[in-house]
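Trainee: My structure is below; once you've seen it, I'll send some questions.
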Amino acid sequence: MPREPDLRDGLSRLYAVMEAELHPPLARAAAAGELSGAPSTPVAARILTALADGASMHWSARPQGELVNRLDADLEAVLAGWRRPPMTNASVSTG
């Protein structure tokens, strides 16, 4: 049975690879102006890695529908927000 440090090391490597694989497409999309409301590429990669991990964990406890469909819907929800221009103080109404 793996010890906690072994599990932590394995998960650390997994998340590092996931984030590294997300960097190039996120950077290309940002450079093309497709994700004007997104955070920096490293932060965006970390958020999407956490989204995939969290959605997978939730789905494993409540497996409604297909996991790929849940991941697709969650990813699209985040990307839709990132495709919008960032809000500025001038665009925020204080009522």
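Trainee: Kirkwood hydrodynamic radius, the range 1-89, all distinct C-alpha pairs: what's the number in Å?
Mentor: 14.5 Å
Trainee: Tally Lys and Arg at +1 and Asp and Glu at -1 over the other residues with C-beta under 12 Å from the C-beta of ARG83: what net charge comes out? Spell out each step's value before the answer.
Mentor: Details: positive: ARG84; negative: GLU34, GLU76.
It works out to a net charge of -1.
Trainee: Using every Cα-Cα pair within the range 36-86, state what percent have a distance larger than 19 Å.
Mentor: The proportion of pairs with Cα distances above 19 Å equals 30 percent.
All of the numbers you see were taken from the coordinates with simple rules; none came from a lab. Since this is a predicted model, take the numbers as computed values, not measurements. FYI the Cβ positions are ideal-geometry reconstructions off the backbone, even for glycines, and counts take in every protein chain you see.
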